[in-house]
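Enquirer: Have a look at this one before I ask anything.
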Amino acid sequence: MTHGNPKADEPAALLERRGAVALITLNRPRALNAVNAALSAAVGEALEEVAADPELHVIVVTGAGRAFCAGMDLKAAAADEPVMAPGHEDWGFAGLVNHYIAKPVIAAVNGFALGGGTEIALACDLVVADENAQFGLPEVRRGLFAAAGGVLRLPRQLPKKIALEMALTGRPLDAAEAARWGLVNRVAPAGTSVEAALELAETVAEGAPLALQATKRLIHRSDAFGSDWEPAMWDENEREWQAVFASEDAREGALAFAEKRAPAWRGR
């Protein structure tokens, strides 16, 4: 795959299939993948396509060129142009930050991810970053705040004092510091985050699709409960367990283990 400048008629995001893994690339490198309506629509539509494809189990999101995403397209915003996907404003910024997909999503942060770029990473389940990547929410320095999920998700993924300092000062974190605080799962040598993220995605994709999706739902929904002793939380856990335990894949997993072979998942 090349990360050069796209032609004028190329889409604002690209979708590639790598076995059971989908690779979605933000494709406005000359604008450092700043988010406009075209990019939001292209990413949102790609996510919908992957969600509906039973052969794809995991998603990797990255950026073309030297940046992951520079945030909102300020030129578009200054011209009062919309930056959300037309007709799908509910998908949120970049067609992604409020667009829940049942399948695991991994961000491959291949350069700086400031403002909305950090918010895209926060919306992903896992993050792999180039060692030269940067994360930051500089919105307060522009008279704004990180309204695309930044101020909502940051204190759920970082210690609150660290999240507050990051959001109130706008000071960026490099990849090593982001990893130290748990914002990044893995740091890769410069220029290799996509390869590292695809490798991680392939490892995730070895799991059964229904089990992966139930696991993702429960982990995210657990934030809604104040205690892990609440009966409602265990009721939800039981509902997910019953559905997964009754699946063909659960039987296949046990049979494959007994026969000492790799399982052949069917997603049902």
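Enquirer: Tell me which residues, restricted to the range 197-211, are over 18 Å from the mean Cα position of the chain (by Cα) and either surrounded by fewer than 20 Cβ atoms within 10 Å (Cβ to Cβ) or assigned to a loop (DSSP other than H, G, I, E, B) (or both). Let's see the steps before the verdict.
Expert: The initial filter retains those residues of the range 197-211 that are over 18 Å from the mean Cα position of the chain (by Cα), namely 206-208, 210-211.
GLU206, GLY207, ALA208, ALA211, listed by residue number.
Enquirer: Suppose we filter ARG217, ARG266, ARG221 for residues that are assigned to a helix (DSSP H, G or I), surrounded by 12 or more Cβ atoms within 10 Å (Cβ to Cβ), modelled with pLDDT under 95 and not small (Gly, Ala, Ser); which single one remains? Write out each step before concluding.
Expert: On the way: ARG217 fails: modelled with pLDDT under 95; ARG266 fails: assigned to a helix (DSSP H, G or I).
Result: ARG221 is the single residue among ARG217, ARG266, ARG221 that is assigned to a helix (DSSP H, G or I), surrounded by 12 or more Cβ atoms within 10 Å (Cβ to Cβ), modelled with pLDDT under 95 and not small (Gly, Ala, Ser).
Enquirer: Mind telling me which of the residues VAL184, VAL194 ends up being crowded, with 20+ Cβ neighbours inside 10 Å, among the β-branched types (Val, Ile, Thr) and not in a helix (DSSP H, G or I)? Write out each step before concluding.
Expert: Details: VAL194 fails: not in a helix (DSSP H, G or I).
Just one listed residue meets the conditions, VAL184.
Conditions (1) buried (at least 18 other Cβ atoms within 10 Å of the Cβ); (2) closer than 22 Å to LEU23 by Cα; (3) in contact (Cβ under 8 Å) with a residue 24 or more places away in the chain; (4) not assigned by TED's automatic domain parsing to the domain that holds ALA102, marked per residue:
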position: GLU165; (1), (2), (3), (4): no, no, no, no
position: GLN213; (1), (2), (3), (4): yes, yes, yes, yes
position: MET233; (1), (2), (3), (4): no, no, no, yes
position: GLU236; (1), (2), (3), (4): no, no, no, yes
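Enquirer: Need pairs with beta-carbon distance below 9 Å; first residue more than 30 Å from PRO189 (Cα to Cα) and within the range 132-147, second in a strand (DSSP E or B) and of a type outside the set (Phe, Trp, Tyr); sequence gap 6+ or separate chains.
Expert: Close Cβ pairs satisfying both conditions: none exist.
The values are calculated or read from the model by the stated rules, or taken from the named source; none is laboratory data. Keep in mind the model is a prediction, meaning the values are calculated, not measured. Note: ideal-geometry Cβ built from the backbone for every residue, glycine included; neighbour counts use all protein chains shown.
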